[in-house]
Amino acid sequence: MRVCILACCMFCFSTMLSAQDITIKKLQSEISRSVKKEITDTLPWTWKKGGLVNVSLNQGSLSNWAAGGDKFSLAINSYVNYFVFYQHEKHNWDNNLDFNFGFVQSTSLGSRKNDDRLDMLSKYGYNFDGKFYLTGLANFRTQFFDGYNFSGTKSTFTSTFLSPAYALISVGIDYKPTANFSAFVSPITSRWVIVADQYLANKASYGVDSGKHTSSEVGAFTSINYRQVFPKNVSYKGRLDLFSNYKKHPGNIDIFFTNYFAFKLSKYFSVTYNLDMIYDDDVKLFGKEGTSPALQLKSMFGIGFLMRF
C-alpha cells in the first residue's frame, strides 16, 4: 500500500515538473519572439490631400520672315489645383480649389490676359443608402484681373474682380459609386450673381438690373465631377455644372464645363490641354453690337512644368 502511494506521489510530482518546464519554455519563446505590426493595428486615414501646379511657356520670334507674323510673342499659362477630401463612416466632405491664369505678350497686340479664373467648391454629404448621400454644396467663382474684348485695335472693358462673381448654395442628392466620380442633383438651389464694378453694373450685362450690384436666382442644379489617371501616364479632371433659373426662362440652361488633360513626359514635364465651355443667357457681350449671348469657348495647349503634391 505504501509502495502504491509513493509511486502515485512520484508520478504527480514528475507531471508537475514537466508542465512547469513546458510553461517556462513557452514564456521564453513569447519573450524572444519578434513583434510584427499587423495591418489592422493602424486606423485608416480619414483625410486625403493633394493637387498640382502646372506652368507652360511658349515663345516665338521672327526676323525677315516672308510668311509674316509677330516679331516677338510670349505666352505664359498656369493652373493650380488643391483638394482636401474627408471620409469617415457615413460622413463625406470634399473641398476643391482651382486657379487659372494666362498672359500673352506680342509685338502687334501688346500685353493681355488669355485666362483668369478662381473657383472654390465645398460639398458635405451624409451617406444614407450605399452610394447615395444627402448633400449640401457651396460654390464660388470669379476672376482676379480686368478683362477686355478686343476688336482690331479697339478694346472694351468687360469684367474684373467680383464682376461678375457667382455664389451658389444647394441641397440635394449626391451619387458617388466610386472615389473618382460623383453626380449631384438638386431641385432647389439659390444662386447670386454679383457685379461689384459700377460701370459694369450700369451696363446690366450679366443679368443684374442696371445700377444694381446683385441679383438672386432660384432653380435646379446639377454638378458632375470626374477625375481619373489612365494607363500610359494620362490623367483627366472634368466638371459639368448645369443650372436652370425658375424665375426667368427656365428652358435656357446655364452651362459651365471644364476639362483638363495631362500627358506626362517625365517626372516634372507634361503636355497639357484645357477645354472650357460656358453658356449663360444673361451674359450679353457678344454679336455685332455686343448685346447678345453666345457659347464661350476656351482651348489651351501647352508643354511645361507640372508637379503633383
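Using the structure shown, list the pairs from Lys237/Lys267; Lys90/Lys237; Lys237/Lys298 with a Cα-Cα distance above 21 Å, or answer none. Checking Cα-Cα distances, Lys90/Lys237 exceed 21 Å.
Whenever you get a sec, compute what percent of the accessible area on the stretch 73-137 sits on carbon and sulfur atoms (1.4 Å probe). Here carbon and sulfur together make up 65 percent of the probe-accessible area.
For the stretch 179-309, the carbon plus sulfur part of the accessible surface works out to 63%, probe radius 1.4 Å. Subtracting the Cα-Cα distance of Phe263 and Tyr175 from 0.36 nm times their residue separation leaves 28.8 nm of extension gain. Between Ile255 and Gln105, the FRET efficiency estimated from the beta carbon spacing at R0 = 25 angstrom works out to 0.20. When the stretch 191-309 is described by a simple charge dipole with +1 on each Lys and Arg Cβ and -1 on each Asp and Glu Cβ, the residue from Gly238, Ser215, Leu265 located farthest towards its positive end is Leu265.
The values are calculated or read from the model by the stated rules, or taken from the named source; none is laboratory data. Predicted model, so just to flag it, every value in this text is computed and none were measured. Note that each Cβ is placed from the backbone with ideal geometry, even for glycine, and that neighbours are counted across all protein chains shown. Calculation scope for accessible area: heavy atoms of the full protein, side chains included, ligands and nucleic acids excluded. Shrake-Rupley method; radii C 1.70, N 1.55, O 1.52, S 1.80 Å.
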